[in-house]
Amino acid sequence: MNDAAKTTIGTITVAEPVFSCRNVDVYYGDKHAIKNVNIDIGRKQVLAMIGPSGCGKSTFLRCLNRMNDTIVGARVEGAITLDGQDIHDKRQDVVQLRARVGMVFQKPNPFPKSIYENVAYGPRIHGLAANRGELDEIVNQSLRRAGLWEEVKDRLNQPGTSLSGGQQQRLCIARTIAVNPEVILMDEPCSALDPIATARIEDLIDELRESYAICIVTHSMQQAARVSQRTAYFHLGDLVEVGDTNLIFTNPQAKLTEDYITGRFG
Amino acid sequence: MTPSILIIALLLLSFIAYQLGKARSLAVVGGARGIRNLHSLPGHYGLLTALWCGLPALLVVLVWVAVQDQVLIALISAQLPPEVRSLSSDQFVLFLNDLRNVVAGNIPASQVSPATAAAAGEYLRLQGIARLALTALAFALGIVAMLVVRGRIRADLRARNSVERVLEGMLFLCSLVAVLTTIGIILSVVFEATRFFGIVPAQDFLFGTKWSPQMAIRADQVGSSGAFGAVPLFAGTLLISAIAMLVAVPIGLFSAIYLAEYAPSKVRSVVKPLLEVLAGVPTVVYGFFAVTTVGPLLRTAGESMGLSVAGESALAAGLVMGIMIIPFVSSLADDMITAVPQSLRDGAYALGATRSETIKQVVLRAALPGIVGGVLLAISRAIGETMIVVMAAGLAANLTANPLEAVTTVTVQIVTLLVGDQEFDSPKTLAAFALGLVLFIVTLVLNVIALYVVRKYREQYE
Ligand SMILES: Nc1ncnc2c1ncn2[C@@H]1O[C@H](COP(=O)(O)OP(=O)(O)O)[C@@H](O)[C@H]1O
Ligand SMILES: [Mg+2]
């Protein structure tokens, strides 16, 4: 790894960031998976993270809601602040953090419960609804915002696994927004879906951007260009370049970024 | 040659045939260099020759071994002196018994009647001739087949296909043996049970509340209809199984949860094999443990609390049986819990669920069908378990729900009914088959349901 790649090219800061990450390093045992990453994540916009497989996109994403805590041997160093508060602070409860920072996974993973219970699960464990009526309302609203309500309103009691892949992924998004987070992290949310289901999710991301900060990892350059306002390019654990999506895709500054988005490797 | 030596000789002949066939196939294509012109490998040609050489001849030998006694007896009967032929059928059976004993060398010929000795001599003579003929026939068959097949080996003979068909047939026969044996066992149980139900009405057996089969031995008391009411046995079995499950399910399940979700890998790698060792302890050792340790312990404990505990209490048997089943439950539950995809746990954690919330509400929920299936399998084991209850549960057919009293179970009664000298058509003995049938049906149903549930669950995550 040459030294030039270690400084990120582009603008890492944004006005009033929701997340601010400074000098973040992640190790899996001896393996240095994320190297000195600095980046801000803005409100009400979509940040796309791209880069070849194994470059650390998922690892970095998992830093933001401390999901790396669940991995034995994983170690995160550096400062990550959410609304100015260090998420690794002793006073920071990880349960609270994850309620504020939701996550959608690569493979749809609905719980083995009914559609209703899938969405109601988060509000229940966080005590967000005082009574059944309020819970119904949250479930209804979340399914509507995830664009799933019309398709499932007559079958809320059927198992979540009975839905199609694309519907399951929207159910997982509904489940995430049901706890009313500030940030939604998405790790390749469309890679297991067909093009039509993918298009629906992309539309949904565009709508959700009006209320949430969204970080999405994607392998599709077109998807990054379509849904995001900012793009970050990772390479072998380094954050190589970050900037406006338009600029990154039309006029990349780093050679590595250019090679990647023009398809010279990937 | 005796048939056993003959069989060995035929195997040797087949081996020679193998070598001949193999060499011939190579010779046909002009040595090892022409091997690519052969349809099959040389070994296949060898096997084909060996099979043709050995199988028909072996079949002939086996058929003869199966029928030889009947054939020889029939031949001898035809030329017996008139005084023997005029014997009553009972006496004739005795005569044949003597004859066979002399032939087998169990009795010296000098100790039996001259007629018997003569017949035995004749039997041995005929047997000798038959053996000679059999040997000649088998060898002729084998050698002719070997030569014919060898002569027909060409480069394009599809030896591999034929050999594989024969091997497939043999495998099929083996599985047929297992299936037929099972069917035979079931049929014999059903048959004997039907005979029992011919003597004791099925509703008396299934719903009667008084069990005392001993009375039926005395001819004048047969038919006292309360004697074969099996309800106390069913109740005893249920009581002991329930106690066992009360022990095994919570302990097994919780240890599985600990092992699968909490234990560091070091602890897991020690505890899991240890639990599986428990499963390997012979049940008679558990029974021993129940009689010598748990039973007396419960008794003293009961006395100190002012309770009277029977020496052979349902509680002691149930507790020990429960311990026996723990590894069964825990290893099945552990499999089911570890089969729950990590992505489900991640999904719950990402929503802010704590570890125990995740386990309770997501992991166990997902593993539940599999765990239920495992518990059903465990129940069917508890119901069928014999040794522990024979040693620890006692014989008194009490109809009680009090675990401190002695009860008896279906399996214990089957054992007591069949141990010792029995007449095979008394209701007492036949009752064992009826009990066996009930046991079989119950465990079969439980197993079918359990396997269905487990399979259904496995499919869900593929
Ligand atoms: N749980 C883990 N333990 C050890 N190494 C890991 C683990 N997860 C990921 N890694 C390693 O960290 C690097 C980054 O992985 P990841 O973040 O999954 O990449 P990406 O999502 O960009 O494909 C890879 O080299 C991967 O092998
Ligand atoms: Mg990844």
ask   = Does segment B:6-24 contain at least one residue that is of a type outside the set (Lys, Arg), more than 38 Å from the chain's Cα centre (by Cα), surrounded by 20 or more Cβ atoms within 10 Å (Cβ to Cβ) and modelled with pLDDT of 90 or more?
value = yes
request  = Could you tell me whether A:Ala99 is under 12 Å from A:Phe19 (Cα atoms) and either away from chain B (no Cβ under 14 Å) or not in a loop (DSSP other than H, G, I, E, B) (or both)?
outcome  = no
query = Can you find a residue in segment B:351-364 that is among the hydrophobic types (A, V, I, L, M, F, W, C), outside any loop (DSSP other than H, G, I, E, B) and without any contact (Cβ under 8 Å) to a residue 40 or more places away in the chain?
reply = yes
key: Of all residues in segment B:359-368 being surrounded by fewer than 22 Cβ atoms within 10 Å (Cβ to Cβ) and more than 9 Å from chain A (Cβ to nearest Cβ), the one that is nearest to the chain's Cα centre (by Cα)   = B:Leu364
Leading residue by the ranking (surrounded by the most Cβ atoms within 10 Å (Cβ to Cβ)) among those in segment B:403-429 that are of a type in the set (Gly, Ala, Ser) and at pLDDT below 85 = B:Ser426
ask   = Residue check: is A:Val119 within 11 Å of chain B (Cβ to nearest Cβ), of a type in the set (A, V, I, L, M) and in a helix (DSSP H, G or I)?
value = yes
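With a cut-off of at least 1 residues that are among the acidic types (Asp, Glu), name the strands (runs of 3 or more DSSP E) lying wholly within segment A:170-243.
Numbers: elements: A:183-187, A:213-217, A:230-235.
Ranges flagged: A:183-187.
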Hits in segment B:257-290 - residues which are surrounded by 12 or more Cβ atoms within 10 Å (Cβ to Cβ) and among the charged types (D, E, K, R) = B:Glu261, B:Arg268, B:Lys272, B:Glu276
inquiry  = If a residue must be near ligand 1 (Cβ under 6 Å from one of its atoms) and under 27 Å from B:Ser265 (Cβ atoms), how many such residues does segment A:43-73 contain?
reply    = 5
note = Checked segment A:160-176 for anything within 10 Å of chain B (Cβ to nearest Cβ) and either over 17 Å from the mean Cα position of the chain (by Cα) or at pLDDT below 95 (or both); matches are A:Thr161
inquiry  = With within 14 Å of chain B (Cβ to nearest Cβ) and farther than 20 Å from B:Ile359 by Cα as the only criterion, which of A:Ile138, A:Ile125 stands out?
reply    = A:Ile138
request  = State yes or no: is A:Asn109 surrounded by fewer than 16 Cβ atoms within 10 Å (Cβ to Cβ), assigned to a loop (DSSP other than H, G, I, E, B) and in contact (Cβ under 8 Å) with a residue 40 or more places away in the chain?
outcome  = no
task = Starting from segment A:47-64, keep only residues that are near ligand 2 (Cβ under 8 Å from one of its atoms), then list their pairs with residues that are part of a loop (DSSP other than H, G, I, E, B) whose Cβ atoms are within a distance under 6 Å, requiring at least 6 positions of separation or different chains.
result = A:Lys57/A:Gly51
query = Taking segment B:115-155 as the region of interest, how many residues are among the aromatic types (Phe, Trp, Tyr) and exposed (fewer than 14 other Cβ atoms within 10 Å of the Cβ)?
reply = 0
query = Name the residues in segment A:102-115 that are over 23 Å from the mean Cα position of the chain (by Cα) and more than 9 Å from every other protein chain (Cβ to nearest Cβ), would you?
reply = A:Ser114
ask   = Is it the case that some residue within segment B:312-331 is among the β-branched types (Val, Ile, Thr), surrounded by 14 or more Cβ atoms within 10 Å (Cβ to Cβ) and within 14 Å of another protein chain (Cβ to nearest Cβ)?
value = no
request  = Report yes if some residue within segment A:177-188 is closer than 28 Å to A:Val139 by Cα, buried (at least 24 other Cβ atoms within 10 Å of the Cβ) and either without any contact (Cβ under 8 Å) to a residue 40 or more places away in the chain or within 16 Å of ligand 1 (Cβ to nearest atom) (or both); otherwise report no.
outcome  = yes
request  = Determine which member of the set A:Asp83, A:Asp40 is more than 15 Å from ligand 1 (Cβ to nearest atom), out of contact with any helix residue (DSSP H, G or I) (no Cβ under 9 Å at 6 or more places or on another chain) and away from chain B (no Cβ under 14 Å).
outcome  = A:Asp40
key: Odd one out for A:Lys31, checked against (1) within 16 Å of ligand 1 (Cβ to nearest atom); (2) closer than 28 Å to A:Gly166 by Cβ; (3) of a type in the set (Lys, Arg)   = (2)
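The values are calculated or read from the model by the stated rules, or taken from the named source; none is laboratory data. Just so it is clear, the model here is predicted, and its values are computed rather than measured. Here the Cβ is made from the backbone with ideal geometry for all residues, glycine too, and neighbour counts use every protein chain on show.
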